[in-house]
């Protein structure tokens, strides 16, 4: 299963270690969602998630799929890019931890 996911990296010319790239994509999507939800490591997490969405969109386009299946990773990528500019917000866990550290 990881190999099939990792083979999507062929869209940008990377053909080695498909299992590692497939596993890495799964880890990025799982922990990226958790970090995004709590606002931890916000901008680095978004950069990884944007790269996953770019690869997903390029793979779908390269396979000749209809635009309805290509539009989902593009839309989510646009949401991630906009979140990159907006920031985590004042109620994020990272903001609370930084505020707690400043008191000491």
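The values are calculated or read from the model by the stated rules, or taken from the named source; none is laboratory data. Since the model is a prediction, treat every value here as computed from it, not as a measurement. Note that each Cβ is placed from the backbone with ideal geometry, even for glycine, and that neighbours are counted across all protein chains shown.
Checking residue 81 against (1) modelled with pLDDT of 85 or more; (2) within 17 Å of residue 33 (Cβ to Cβ); (3) more than 11 Å from the chain's Cα centre (by Cα), which test does it fail?
Result: residue 81 passes all but (3).
Quick one: is residue 26 modelled with pLDDT of 75 or more, more than 21 Å from residue 92 (Cβ to Cβ) and surrounded by fewer than 18 Cβ atoms within 10 Å (Cβ to Cβ)?
When the stated conditions are applied, residue 26 passes them.
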